[in-house]
Amino acid sequence: MSTSDFIFNGRAARVVFGAGSRVHIERELLALRAQKALILFGQEQLALGTAVADQLGSHAAGVFDRATMHVPAELVTEARAVATSLGADCLIAVGGGSAVGLAKAIALESGLPIIALPTTYAGSEMTPIFGVTEAGLKRTGTDLRVLPKTVIYDPELTVTLPVALSVTSGINAIAHAAEGLYSRDANPLTSLMAEEGISALSRSLPRIVSRPDDLSARSDALYGAWLCGAVLGSVGMALHHKLCHTLGGSFNLPHAPTHTIVLPHALAYNAEAAPDAMKRIARAVGHDNAAQGLYELSRANGAPIALKEIGMLESQLDRAADIACNNAYWNPRPLEREAIRALLQRAFEGSAPQT
Ligand code: NAD
């Protein structure tokens, strides 16, 4: 094996992993030299968020319980004002990408440190990427100030994640690692994490489907999600993420199911241009073909496989292909409008990926 030149961006988050590890929140807060945390979560995580506040006692400055999808700018302004008025010196995000996204948006201007307790497999807690939606447009950017300082991965918090969402959220995580393997700034470390992350998730998702409260499967999946999130935080993404961003943003499709449906097709599109990455993805999913292996993983575990199942209209496919090709971005295979339009058609219908 020969190793060529590379740059590895090690991200500095401290990770505390293990079933029941949320008992260490106070210790982790004090380790950051913080005293008063604002706890952020969405309405659906009310019980969990309140329990975290109770557990912290006098170290809880207060709670903000309205984290929501897409991080609306007005909510960020409101939550930031709450953090200031309560004298919070730390933010604790309890939830999925929406809660972590709100914490990041507050941290962007306030510089407050974030402790994240993820409850999905989206991976935002491992990245310095933020997004805020204003007047219907999502502005995204990268800033190291928004990268959580500490992440507490407690698989017990994921046991309530519904099976359908567990599968799509897990495949959303796999997408970060899969694109990370053929990223133009891929390096030996991120590739190791990517392959291990895909493997941990593709082994654990079927176990979660058959027994959602299997803590060992939940631990494996969260471990995989951590690794996949770390890849997303370290290297650039390509066609798959661009397509999903377009479909989510312009046609209001749900985040994790969209990733799940598009991934096999995006991999098939890139297969010939990235043979080494495909070999590693295939090995990690235990199949002889990366795209087909992921398509079968979705089908076998009851995930949606067609964009038409999740609200896309056939009449929108042309515009989706145009938007995906309009902004130039790097991809292992050049962006070919007709081939991307054909890819979208197959994803729309739910047919098998075609190289
Ligand atoms: P989410 O946080 O909105 O959660 C999805 C749904 O799952 C919500 O209804 C939530 O209430 C529910 N849920 C979460 N955890 C649960 C649990 N343990 N039990 C029961 N229900 C639970 O969405 P997500 O899929 O975690 O994240 C997607 C969002 O994150 C998108 O907006 C995406 O753009 C963003 N994201 C950002 C990055 C980044 O690096 N900035 C990375 C990945 C995702």
Discussion item. Looking at the chain, identify the longest residue range that excludes and avoids all trypsin sites (Lys or Arg not before Pro) in DSSP loops having at most 11 other Cβ atoms within 10 Å.
Written reply: 185-355
Discussion item. How much of the DSSP bridge set in the chain is antiparallel, in percent, rounded to the nearest 5?
Written reply: 25
Item to complete: Subtract the Cα-Cα distance of D276 and A164 from 0.36 nm times their separation in residues, and report this length gain in nm to one decimal.
Response: 37.2 nm
Worksheet item: Can you give the Rg and Dmax of segment 163-349 based on its C-alpha atoms, in angstrom?
Response: 15.3, 45
Practice prompt. Whole number in Å², please: accessible area per residue of the chain, 1.4 Å probe, ligands, DNA and RNA not counted.
Written response: 41
Worksheet entry | Under 14 Å from the Cα of K279 - aspartates and glutamates, other chains or at least 8 residues apart | E179, E195, E196, D288
Worksheet item: How much space per residue, in cubic angstrom, does the convex hull of the C-alpha atoms of segment 251-355 take up?
Response: 97
Item to complete: Would you calculate the separation in nanometres between label points at E296 and L192, each defined as 7 Å from the Cα along the Cα-to-beta-carbon direction?
Response: 3.0
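What part of the accessible area of segment 14-158, given as a whole %, is carbon or sulfur when the probe is 1.4 angstrom?
Exposed carbon and sulfur together represent 54 percent of the surface.
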Worksheet entry | Principal axes of segment 1-147: Cα extent on each, largest first, Å | 54, 40, 26
Worksheet item: Ignoring any ligand, DNA or RNA, what whole percent of the accessible area of segment 163-349 comes from carbon and sulfur when the probe is 1.4 angstrom?
Response: 51
Discussion item. Just to verify a number: FRET efficiency for R27 and R337, C-beta to C-beta distance, R0 = 56 Å, to 0.05?
Written reply: 0.55
Discussion item. Let's test the formula: R0 of 41 Å, r as the Cβ-Cβ distance of R66 and D213. What FRET efficiency results, to the nearest 0.05?
Written reply: 0.90
Discussion item. So if each residue of separation counts as 0.36 nm, and I subtract the Cα-Cα distance between A306 and R203, what length gain in nm does that give?
Written reply: 34.8 nm
Worksheet item: Can you give the accessible area of D185 in Å² (nearest 10), computed on protein heavy atoms with a 1.4 Å probe?
Response: 70
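I'm a student and want to see the number: the projected area of the Cα convex hull of the chain, averaged over all directions, in nm².
16.7
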Worksheet entry | D143-N9 pseudo-label distance in nm [points 7 Å out on the Cα-to-Cβ vector] | 1.5
Worksheet item: If you stretched the chain out fully between L86 and R283, how much longer would it get, using 0.36 nm times the residue separation minus the C-alpha to C-alpha distance?
Response: 65.9 nm
Worksheet item: Once phi is turned into θ = phi - 60°, what whole-Hz ³J(HN,Hα) does the Karplus curve with 6.51, -1.76 and 1.60 give for every residue of segment 144-150, x standing for Gly and Pro?
Response: 5, 5, 8, 6, x, 7, 9
Fill in: the chain: DSSP helices with Cα axial extent of at least 30 Å and average Kyte-Doolittle hydropathy no lower than -0.5
188-210
Worksheet item: Which of the lysines could a cross-linker bridge to K138, judged by Cα under 17 Å and excluding same-chain residues fewer than eight apart?
Response: K104, K242
Item to complete: Just grab the label-to-label distance for S58 and D318, each label 7 Å out from Cα along the Cβ direction, in nm (one decimal).
Response: 6.8
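The values are calculated or read from the model by the stated rules, or taken from the named source; none is laboratory data. Here the structure is a predicted model, which means the values were calculated and not measured. Glycine also receives a Cβ, built like all others from the backbone with ideal geometry; neighbour counts cover every protein chain displayed. Protein only, heavy atoms only, side chains kept; ligands, DNA and RNA dropped before computing areas. Shrake-Rupley method; radii C 1.70, N 1.55, O 1.52, S 1.80 Å.
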